[in-house]
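Report on the structure given below.
The values are calculated or read from the model by the stated rules, or taken from the named source; none is laboratory data. Just so it is clear, the model here is predicted, and its values are computed rather than measured. Backbone-built Cβ (ideal geometry, glycine too); neighbour counts: all protein chains shown.
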Amino acid sequence: MFTGIIEAMAEVSESRQEGSNITFVMRSHLASELKIDQSLSHNGVCLTVTQVWDEHYTVTAIQETLDKTNLGQWKPGTKVNLERCMPMNGRFDGHIVQGHVDQTATCTNVQSMDGSWLFDFQYDAQTGNITVEKGSVCVNGVSLTVVNSQDDSFQVAIIPYTYEHTNFHDLKKGDLVNLEFDVIGKYLAKIIQRSYR
(Lines give C-alpha, C1' and ligand atoms only; values in the text may rest on other atoms or scores of the structure.)
Protein backbone atom coordinates (compact mmCIF):
# COMPACT_ATOMS: atom_id res chain seq x y z
CA MET A 1 0.00 0.00 0.00
CA PHE A 2 1.14 3.54 -0.79
CA THR A 3 0.08 7.05 0.18
CA GLY A 4 0.76 9.03 -3.00
CA ILE A 5 3.53 11.09 -1.40
CA ILE A 6 6.44 10.95 -3.86
CA GLU A 7 9.87 10.22 -2.37
CA ALA A 8 12.13 10.55 -5.39
CA MET A 9 12.28 10.37 -9.14
CA ALA A 10 13.91 7.84 -11.43
CA GLU A 11 14.96 8.06 -15.04
CA VAL A 12 14.51 5.29 -17.58
CA SER A 13 17.98 4.19 -18.73
CA GLU A 14 16.90 1.37 -20.99
CA SER A 15 13.84 -0.66 -21.98
CA ARG A 16 14.02 -4.25 -23.21
CA GLN A 17 11.17 -6.09 -24.92
CA GLU A 18 11.00 -9.65 -23.54
CA GLY A 19 8.12 -11.47 -25.22
CA SER A 20 5.01 -9.44 -24.39
CA ASN A 21 6.73 -7.90 -21.34
CA ILE A 22 9.02 -4.88 -21.08
CA THR A 23 11.87 -4.76 -18.58
CA PHE A 24 12.95 -1.26 -17.62
CA VAL A 25 16.39 -0.35 -16.33
CA MET A 26 15.88 2.61 -13.97
CA ARG A 27 18.41 5.04 -12.51
CA SER A 28 17.75 6.71 -9.15
CA HIS A 29 19.64 7.71 -5.99
CA LEU A 30 17.02 5.61 -4.18
CA ALA A 31 18.45 2.42 -5.76
CA SER A 32 20.94 1.86 -2.93
CA GLU A 33 18.01 1.61 -0.48
CA LEU A 34 16.05 -0.92 -2.56
CA LYS A 35 16.09 -4.70 -2.36
CA ILE A 36 15.09 -7.42 -4.79
CA ASP A 37 11.40 -8.43 -4.58
CA GLN A 38 10.39 -5.06 -3.11
CA SER A 39 7.22 -3.35 -4.34
CA LEU A 40 7.83 0.16 -5.64
CA SER A 41 5.33 2.62 -7.12
CA HIS A 42 6.35 4.03 -10.53
CA ASN A 43 4.00 6.82 -11.65
CA GLY A 44 1.42 5.08 -9.47
CA VAL A 45 2.07 1.59 -10.85
CA CYS A 46 3.17 -1.04 -8.33
CA LEU A 47 6.15 -2.91 -9.83
CA THR A 48 8.53 -5.46 -8.31
CA VAL A 49 12.26 -4.72 -8.14
CA THR A 50 14.11 -7.61 -9.85
CA GLN A 51 17.75 -6.45 -9.82
CA VAL A 52 19.73 -3.72 -8.01
CA TRP A 53 23.25 -2.42 -8.68
CA ASP A 54 25.00 0.92 -8.17
CA GLU A 55 22.35 3.59 -8.90
CA HIS A 56 20.31 1.23 -11.09
CA TYR A 57 17.56 -1.33 -10.69
CA THR A 58 15.16 -3.20 -12.96
CA VAL A 59 11.40 -3.77 -13.01
CA THR A 60 9.22 -5.66 -15.48
CA ALA A 61 5.80 -4.65 -16.79
CA ILE A 62 3.54 -7.41 -18.11
CA GLN A 63 1.03 -6.95 -20.95
CA GLU A 64 -1.89 -6.26 -18.56
CA THR A 65 0.06 -3.37 -17.02
CA LEU A 66 1.14 -2.04 -20.41
CA ASP A 67 -2.49 -2.11 -21.62
CA LYS A 68 -3.83 -0.08 -18.68
CA THR A 69 -1.03 2.44 -18.08
CA ASN A 70 1.32 4.80 -19.88
CA LEU A 71 4.37 2.55 -19.33
CA GLY A 72 4.41 1.50 -22.98
CA GLN A 73 5.35 5.10 -23.85
CA TRP A 74 8.38 5.19 -21.57
CA LYS A 75 11.71 5.59 -23.34
CA PRO A 76 15.26 6.38 -22.19
CA GLY A 77 15.20 9.75 -20.44
CA THR A 78 11.59 9.51 -19.22
CA LYS A 79 11.31 10.77 -15.63
CA VAL A 80 9.19 8.68 -13.28
CA ASN A 81 7.75 9.40 -9.80
CA LEU A 82 8.79 6.88 -7.11
CA GLU A 83 7.29 5.87 -3.78
CA ARG A 84 8.22 2.92 -1.59
CA CYS A 85 5.51 1.04 0.32
CA MET A 86 4.00 2.80 3.30
CA PRO A 87 5.69 1.94 6.62
CA MET A 88 3.20 0.89 9.28
CA ASN A 89 4.86 3.03 11.95
CA GLY A 90 4.60 6.42 10.24
CA ARG A 91 2.14 9.18 9.49
CA PHE A 92 -0.35 8.65 6.70
CA ASP A 93 0.23 11.86 4.71
CA GLY A 94 -1.65 11.18 1.47
CA HIS A 95 -4.57 8.82 0.89
CA ILE A 96 -4.91 5.05 0.43
CA VAL A 97 -3.15 4.18 -2.84
CA GLN A 98 -2.87 0.57 -3.95
CA GLY A 99 -0.55 1.02 -6.90
CA HIS A 100 -3.17 -0.56 -9.19
CA VAL A 101 -3.85 1.90 -12.00
CA ASP A 102 -7.48 2.03 -13.11
CA GLN A 103 -6.97 3.76 -16.44
CA THR A 104 -5.12 6.56 -18.19
CA ALA A 105 -6.15 10.15 -18.81
CA THR A 106 -4.98 12.86 -21.17
CA CYS A 107 -3.71 16.20 -19.95
CA THR A 108 -5.90 18.73 -21.77
CA ASN A 109 -4.56 21.98 -20.32
CA VAL A 110 -1.82 23.39 -18.10
CA GLN A 111 -2.36 26.85 -16.65
CA SER A 112 0.15 28.83 -14.62
CA MET A 113 -1.56 30.50 -11.66
CA ASP A 114 1.21 32.87 -10.51
CA GLY A 115 2.93 30.53 -8.09
CA SER A 116 0.94 27.34 -8.66
CA TRP A 117 -0.35 25.37 -11.63
CA LEU A 118 -3.77 24.07 -12.65
CA PHE A 119 -3.79 20.83 -14.66
CA ASP A 120 -6.86 19.56 -16.54
CA PHE A 121 -7.33 15.84 -17.26
CA GLN A 122 -9.91 14.00 -19.35
CA TYR A 123 -10.62 10.26 -19.13
CA ASP A 124 -13.04 7.68 -20.55
CA ALA A 125 -16.03 7.77 -18.18
CA GLN A 126 -17.49 4.58 -19.70
CA THR A 127 -15.19 2.61 -17.38
CA GLY A 128 -17.43 3.70 -14.48
CA ASN A 129 -14.71 5.55 -12.56
CA ILE A 130 -15.66 8.86 -10.97
CA THR A 131 -14.18 11.77 -9.10
CA VAL A 132 -15.87 13.99 -6.54
CA GLU A 133 -15.21 17.61 -5.65
CA LYS A 134 -12.47 17.81 -2.98
CA GLY A 135 -12.04 14.03 -3.16
CA SER A 136 -8.76 12.21 -3.72
CA VAL A 137 -7.25 10.99 -6.97
CA CYS A 138 -3.81 9.62 -7.76
CA VAL A 139 -2.17 11.04 -10.92
CA ASN A 140 1.12 9.39 -11.91
CA GLY A 141 1.39 8.19 -8.32
CA VAL A 142 0.82 11.62 -6.75
CA SER A 143 -1.97 11.95 -4.17
CA LEU A 144 -4.01 15.01 -5.15
CA THR A 145 -7.28 16.77 -4.35
CA VAL A 146 -9.87 16.99 -7.13
CA VAL A 147 -11.04 20.41 -8.28
CA ASN A 148 -13.88 21.00 -10.76
CA SER A 149 -15.06 17.38 -10.91
CA GLN A 150 -16.99 16.57 -14.10
CA ASP A 151 -18.36 13.31 -15.53
CA ASP A 152 -15.23 12.64 -17.60
CA SER A 153 -12.73 15.24 -16.43
CA PHE A 154 -11.27 17.03 -13.43
CA GLN A 155 -8.61 19.52 -12.45
CA VAL A 156 -5.85 19.46 -9.84
CA ALA A 157 -3.90 22.38 -8.41
CA ILE A 158 -0.17 21.79 -8.03
CA ILE A 159 1.94 23.66 -5.48
CA PRO A 160 5.57 24.62 -6.27
CA TYR A 161 7.07 21.83 -4.13
CA THR A 162 5.07 19.11 -5.93
CA TYR A 163 5.78 20.71 -9.32
CA GLU A 164 9.54 20.67 -8.70
CA HIS A 165 9.85 17.28 -6.96
CA THR A 166 7.66 15.16 -9.28
CA ASN A 167 7.39 14.79 -13.04
CA PHE A 168 4.58 17.37 -13.16
CA HIS A 169 7.20 19.89 -14.31
CA ASP A 170 7.59 17.80 -17.50
CA LEU A 171 3.86 17.27 -18.07
CA LYS A 172 2.31 19.07 -21.03
CA LYS A 173 -0.95 19.19 -22.94
CA GLY A 174 -1.56 15.90 -24.77
CA ASP A 175 0.50 13.75 -22.39
CA LEU A 176 -0.95 10.50 -21.04
CA VAL A 177 -0.99 9.95 -17.26
CA ASN A 178 -1.90 7.05 -14.98
CA LEU A 179 -4.99 7.37 -12.78
CA GLU A 180 -5.94 5.49 -9.64
CA PHE A 181 -9.31 6.52 -8.29
CA ASP A 182 -10.12 6.53 -4.58
CA VAL A 183 -10.55 2.91 -3.45
CA ILE A 184 -13.34 3.73 -0.97
CA GLY A 185 -15.20 5.63 -3.68
CA LYS A 186 -14.84 2.65 -6.04
CA TYR A 187 -16.38 0.27 -3.50
CA LEU A 188 -19.26 2.66 -2.78
CA ALA A 189 -19.95 3.14 -6.50
CA LYS A 190 -20.01 -0.65 -6.99
CA ILE A 191 -22.41 -1.18 -4.06
CA ILE A 192 -24.78 1.52 -5.36
CA GLN A 193 -24.60 0.13 -8.88
CA ARG A 194 -25.56 -3.35 -7.64
CA SER A 195 -28.48 -2.01 -5.61
CA TYR A 196 -30.07 -0.59 -8.79
CA ARG A 197 -29.95 -3.84 -10.76
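Listed values, structure above:
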| read-out | value |
| --- | --- |
| Top-ranked residue in the stretch 114-153 [being at pLDDT 95 or above, part of a strand (DSSP E or B) and over 16 Å from the mean Cα position of the chain (by Cα); ranked as farthest from Phe92 (Cα to Cα)] | Ser153 |
| Which numbered condition Glu83 fails, given (1) out of contact with any helix residue (DSSP H, G or I) (no Cβ under 9 Å at 6 or more places or on another chain); (2) over 25 Å from Tyr163 (Cβ atoms); (3) at pLDDT 95 or above | (2) |
| Qualifying residue in the stretch 37-47 (condition: part of a loop (DSSP other than H, G, I, E, B), modelled with pLDDT of 95 or more and closer than 17 Å to Val177 by Cβ) | yes |
| Members of the stretch 14-36 found to be within 19 Å of Asn140 (Cβ to Cβ), outside any loop (DSSP other than H, G, I, E, B) and hydroxyl-bearing (Ser, Thr, Tyr), listed by number | Ser15 |
| Meets criteria (among the β-branched types (Val, Ile, Thr), farther than 25 Å from Asp170 by Cα and at pLDDT 95 or above) for Thr50 | yes |
| Residue list for the stretch 108-138, restricted to those being acidic (Asp, Glu) and more than 30 Å from Ile191 (Cα to Cα) | Asp114 |
| Near pairs, Cβ below 6 angstrom, 6+ apart or cross-chain, from the stretch 146-172 (under 19 Å from Thr104 (Cα atoms)) to any residue that is of a type in the set (Asp, Glu) and modelled with pLDDT under 95 | Ser149/Glu133 |
| The stretch 154-197, subset in a loop (DSSP other than H, G, I, E, B) and basic (Lys, Arg), residue modelled with the lowest pLDDT | Arg197 |
| Of all residues making up the stretch 69-110, the number that are under 17 Å from Ser39 (Cβ atoms) and part of a helix (DSSP H, G or I) | 1 |
